[in-house]
Amino acid sequence: MNDSNGVASYIRDRKKVSELVIAVLTNKMTVLEALKVYPKNLGDPTLNAVFHALVHFEADEDLRAKDSLYKDEQDNYLEEIANILANGDSLPFNIIDEYVKYHKESLIYPNMDKKSVFERLKKMINI
């Protein structure tokens, strides 16, 4: 694959992820459903960061139910991310770095069935 195909792939995948994030935020899709169809583009740090953002969104379910301010802030943050991705743009480095700081390994794997997602989440939180 040459560079122009790689860039086109990143742009296409970012736009798809934007749609997935909006679908999650509007309750048209669960996080697990979004992760199952998430692009497998391991070379894009933006996609890795957004994957982690969705995992955190799911993990924060109890906190979101108890704290409406937190829920609103998290929703706004993910909506802002989706808007950036809708243009095919990469996330700012400071956002990517916040996820890399805690998650050096990508959680994106070609097989994203329920069992493998659970196994990856267990590994991520050291269970």
Checked against (1) more than 9 Å from the chain's Cα centre (by Cα); (2) open to solvent by less than 50 Å² (accessible area, probe 1.4 Å), Thr30 satisfies every condition except (2)
Is it the case that segment 37-54 has a residue that's β-branched (Val, Ile, Thr) and surrounded by fewer than 16 Cβ atoms within 10 Å (Cβ to Cβ)? yes
Output yes when any residue across segment 66-74 is closer than 19 Å to Glu98 by Cα and open to solvent by less than 10 Å² (accessible area, probe 1.4 Å), and no when none is. no
Provide a single number: the residues in segment 63-86 that are of a type outside the set (A, V, I, L, M), touching a residue at least 40 places away in the same chain (Cβ under 8 Å) and either outside any helix (DSSP H, G or I) or over 17 Å from Asn27 (Cα atoms) (or both). 1
Any residue at all in segment 88-101 that's surrounded by fewer than 19 Cβ atoms within 10 Å (Cβ to Cβ), touching a residue at least 60 places away in the same chain (Cβ under 8 Å) and either charged (D, E, K, R) or out of contact with any Lys or Arg (no Cβ under 8 Å at 6 or more places or on another chain) (or both)? yes
What pairs come up if the first residue lies in segment 42-62 and is outside any helix (DSSP H, G or I), the second is open to solvent by less than 60 Å² (accessible area, probe 1.4 Å) and charged (D, E, K, R), and their beta carbons are under 7 Å apart, counting only those six or more places apart or on different chains? Asp44/Asp13
Residue list for segment 14-27, filter: part of a helix (DSSP H, G or I), open to solvent by less than 80 Å² (accessible area, probe 1.4 Å) and either modelled with pLDDT under 95 or closer than 23 Å to Asp72 by Cβ (or both): Val17, Ser18, Leu20, Val21, Ile22, Ala23, Val24, Leu25
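The values are calculated or read from the model by the stated rules, or taken from the named source; none is laboratory data. Computed from a predicted structure; not experimentally measured. When we count neighbours, we look across all protein chains shown, and the Cβ atoms used for this are built from the backbone with ideal geometry, even at glycine. Ligands, DNA and RNA are excluded from the accessible area calculation, which covers all protein heavy atoms including side chains. Shrake-Rupley method; radii C 1.70, N 1.55, O 1.52, S 1.80 Å.
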